[in-house]
Each structure stands twice: as structure tokens, then as C-alpha cells.
Amino acid sequence: MAKSYDAQRRKKEREAAEQQAKRAEQTTAAVVVAETTAAPITPKPSVTPTDRGAGVSPASGQATRLPQGNPQQERARFALERIRALAEKWQDDQKKQKEFNSHASTMPFMIRANGLGQTAAFYRRKGEGHLYFQLYKLLGDWLAKPEQPFKGRPDLLTAITQSDQDAYLAAQIESLLFLDWVKKLASAFLAREEEEAPLPSGERPGLSGAEGGWGEGRNAP
């Protein structure tokens, strides 16, 4: 009787995880469409040289504000800067480049399947010397930027455990949007395997119960 109850409970948890993953994908797609279709904001030309982000026009000698990009451009710019730094650091180590590429491709799937909290715990658990930590820190640094959900809290797990539900869910969606750029740029600038072995039919990247910090498919810390 107990075994039957446990099997039913696990089945319900898997179904809930699949529904949450689908909702996350739909929300992510909606955010991307909204951002890419939004009309660009034209920056005002009249600013003082002391303003943040100000520059000087060579033609007129007058100060002009450098326009900020839309959210997609900001994600791409931040990811590109960090990926190029890693490419330079690992220019003689193709093994690390390939491993990072593989982990960067897997991380978004793990977030959809297991939630941001459990994925962060998985990527942090092997310590600062492991390639997992490079992605853990990269994502944490992005989410800690002033305009992001975990503003001023660069340690990802600390930010997750100190945030409310709204901030957590916003960070989870933002993570998927940002990691999409990380995956694309890592594939462009770092060495990668020519062909990755496909997952067995019906299997998704995930974490075993012993490895996770929160239960399977949960979207809250």
C-alpha cells in the first residue's frame, strides 16, 4: 500500500514538473516576443559631459549620451564580454572549452526541468575549481546587476534563499533568456564537440533526488 502511494506521489510530482516547464517555456517566449517587437526608445541628445555614459562627438565637440541597448542587447553584450575572456584564458585548452560549451547547453534544460534553485545548487556543489562554477558565477553576476531581480547579490544561492517568490520567478525567466545568449556565444567562440550524443527517448537532463537542494520540478527555494 505504501509503495503504491509513493508511486502515485512521484507520478503527480513528475506531471507537475512537466506543466511548470511548459509554462516557463511559454512565458519565456512571450517575453522575447515583447522585447523584440517593442519600439526602440530614442535617447535625448542634450546631456552634460559629466552624465553617466556620456561621450564627446568628434564632429561637434559636444557631449552626447551613448544609447543603451534593449534587454536582449544587454544580455548579449554581457555574455559576449565574459565568453571572450574565457576564450582567451583557455586558448590552449580545447578540453575546457568543449566542456564549458556542453554545460552551457545543458543548464537551461535543467532549469526548466528542476527549477533555478536546484540547478544552482547542482552547479555550485563541485566548488570554485570546477567548470560548473564558471556558469554558476556568470549567471549570478548577471542576475545581480542593478536592473535584475537579484540586484546587489552576486552569489546565486544566497540570492535565491533570500528572495521572495516574485523575485525568484522573475530570476528564473531571466536566467533562461540570458543563458540562451551564453549558449549561442559559447558555441561561436569556444571549441565544441562536432556532434553530441542524443539523450535516450523521453529522457530530459535532470538531477537525482540525492543531488538536488530542492525537490524535483519545484520553482521555489
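The values are calculated or read from the model by the stated rules, or taken from the named source; none is laboratory data. Remember, it's a predicted structure, so these values are computed and weren't measured experimentally. When we count neighbours, we look across all protein chains shown, and the Cβ atoms used for this are built from the backbone with ideal geometry, even at glycine.
Brief remarks follow.
- Matching residues in region 127-143 - criterion: being at pLDDT 95 or above and among the small types (Gly, Ala, Ser): Gly140
- Residue in region 187-204 that is more than 22 Å from Glu81 (Cβ to Cβ), aliphatic (A, V, I, L, M), surrounded by fewer than 16 Cβ atoms within 10 Å (Cβ to Cβ) and at pLDDT below 95 present: yes
- Flag if Asp164 is more than 22 Å from Ser105 (Cα to Cα) and surrounded by fewer than 17 Cβ atoms within 10 Å (Cβ to Cβ): yes
- Region 73-98: number of residues that are touching a helix residue (DSSP H, G or I) at 6+ places or on another chain (Cβ under 6 Å) and outside any helix (DSSP H, G or I): 1
- The residues in region 153-179 that are over 24 Å from Arg125 (Cβ atoms) and touching a Pro at 6+ places or on another chain (Cβ under 8 Å) can be counted, and the count is 2.
- Exactly one residue out of Pro71, Pro58 is within 25 Å of Pro149 (Cα to Cα), modelled with pLDDT under 95 and not small (Gly, Ala, Ser): that is Pro71.
- For region 72-98, a residue qualifies if it is under 17 Å from Tyr136 (Cβ atoms), small (Gly, Ala, Ser) and surrounded by fewer than 20 Cβ atoms within 10 Å (Cβ to Cβ), and exactly one does: Ala85.
- In region 148-162, residue nearest to Arg82 (Cα to Cα) [restricted to those that are assigned to a loop (DSSP other than H, G, I, E, B) and of a type outside the set (Asp, Glu)]: Pro154
- Region 154-189, residues that are farther than 30 Å from Lys95 by Cβ and under 15 Å from the mean Cα position of the chain (by Cα): Ala159, Ile160, Ala167, Tyr168, Leu169, Ala170, Ala171, Gln172, Ile173, Glu174
- Within region 99-147, being surrounded by 21 or more Cβ atoms within 10 Å (Cβ to Cβ) and not in a helix (DSSP H, G or I) holds for one residue alone: Gly115.
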